[in-house]
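Worksheet: the structure to be examined is printed underneath.
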Amino acid sequence: MPLDDLSSVRTIDELATAAASHDLTPGWVNRPVPILWKEPKSDFRVHQWKWSEAKAGLDSAGRLIGTDLAERRNLIMRNPIAGNDLATLRTLICAYQTILPGETARSHRHTPHAFRAILESQGAWSIVNGEKHPMETGDVVLTPGWSWHGHGHDGDAQAYWFDGLDVPLTHLLEPMFFEEHPAGVEPVRAVTPDSPFRFTWGATQKALDETKPDDGGFFGRRIELDTQTMPTIGIHMQRWQSGFRTRPYRCTANQIFVVMQGNGTSRIGGETIDWSFGDTIAVPGWTSIEHQAKDDAVLVSMTDEFLQRWTKYWRFEALA
């Protein structure tokens, strides 16, 4: 039916059929999935990845595949929902990665922002835009989008870390670019142990020492790392003394927690999760969260909170 013939239809059903032939959809019809709903909901699930299992997988990868075949030797944390083979949460993706002594991982750059939380390392390093800096146990290392970055290892023992990126968000918005460095491994212009892209374990622990617990009791001692160069990912470091329990809350942000020290239990979305060193927990937005430390604990968290604040989507609700 020509577009101008839409004026001649006699019934609502005929109009819907005719409009569909022109790729138009009536907004007044009942839809299986509504366009708007009362409060946030997510297809993504609360999920935990155990470090003991992932480390065993990385050790096998270290035996079976080299960096000549895999630019990054990693295991991606895929949220177990139907049809998903990549994303950890709607806007975020995480992986565990390893490198062997004497290896280098080739340099590349991409649109997505990224960071690393170093789980076990003595002697590993990263090059970001020509500046080489260490990646030692407990460090957090940034790679802002479109920055050249590569890795290597001069130590004696296998190194492991957690990767966090905003790849699913980049896929959604579609400004994806990727480029391999023409030199393979980017040449080093300077060695900078105090790189602005590196937050050392010692520095973050000192900052936590100097920080008071939040007045509301939701987070305990918590600091925000400076991620202005990668505004879609917020990073916090939090520390809880043995026995400390947070007040329950929920917020619209997607959050991922990585255990850097200690162990404890969390009540998340009605599930009880026991966690220990190296474990990762994914929490979709608007899911209730409550943590309790069994031993002195330190966790790193990544979130899209600051992006949501910028868009005015952010909400927070105390649950007790």
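Of all residues in the stretch 290-320, those satisfying the criterion of being buried (at least 22 other Cβ atoms within 10 Å of the Cβ) and not small (G, A, S) are H291, L299, V300, M302, T303, D304, E305.
For beta carbons closer than 9 Å, sequence separation of 6+ or different chains, a first residue in the stretch 55-74 that is within 14 Å of A105 (Cα to Cα) and a second that is of a type in the set (F, W, Y) and buried (at least 17 other Cβ atoms within 10 Å of the Cβ), the qualifying pairs are N74/Y96.
R63 meets all of the listed conditions (1) surrounded by 16 or more Cβ atoms within 10 Å (Cβ to Cβ); (2) modelled with pLDDT under 95 but one, namely (1).
Does the stretch 36-52 contain at least one residue that is β-branched (V, I, T) and either out of contact with any strand residue (DSSP E or B) (no Cβ under 7 Å at 6 or more places or on another chain) or modelled with pLDDT under 90 (or both)? No, the stretch 36-52 has no match at all.
Let's see how each residue does on (1) without any contact (Cβ under 8 Å) to a residue 24 or more places away in the chain; (2) closer than 19 Å to P213 by Cβ:
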{"residue": "Q228", "(1), (2)": "yes, no"}
{"residue": "G262", "(1), (2)": "no, yes"}
{"residue": "D274", "(1), (2)": "yes, no"}
{"residue": "E290", "(1), (2)": "no, yes"}
{"residue": "V300", "(1), (2)": "no, yes"}
{"residue": "R315", "(1), (2)": "no, no"}
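Condition test on E39, is it assigned to a loop (DSSP other than H, G, I, E, B) and either outside the structural domain of I273 (by TED's automatic domain parsing) or within 26 Å of G145 (Cα to Cα) (or both)? When the stated conditions are applied, E39 passes them.
A61 fulfils the conditions (1) closer than 30 Å to D274 by Cβ; (2) in a loop (DSSP other than H, G, I, E, B); (3) aliphatic (A, V, I, L, M) except for a single criterion, (2).
The values are calculated or read from the model by the stated rules, or taken from the named source; none is laboratory data. None of these values were measured; they are calculated from a predicted model. Glycine also receives a Cβ, built like all others from the backbone with ideal geometry; neighbour counts cover every protein chain displayed.
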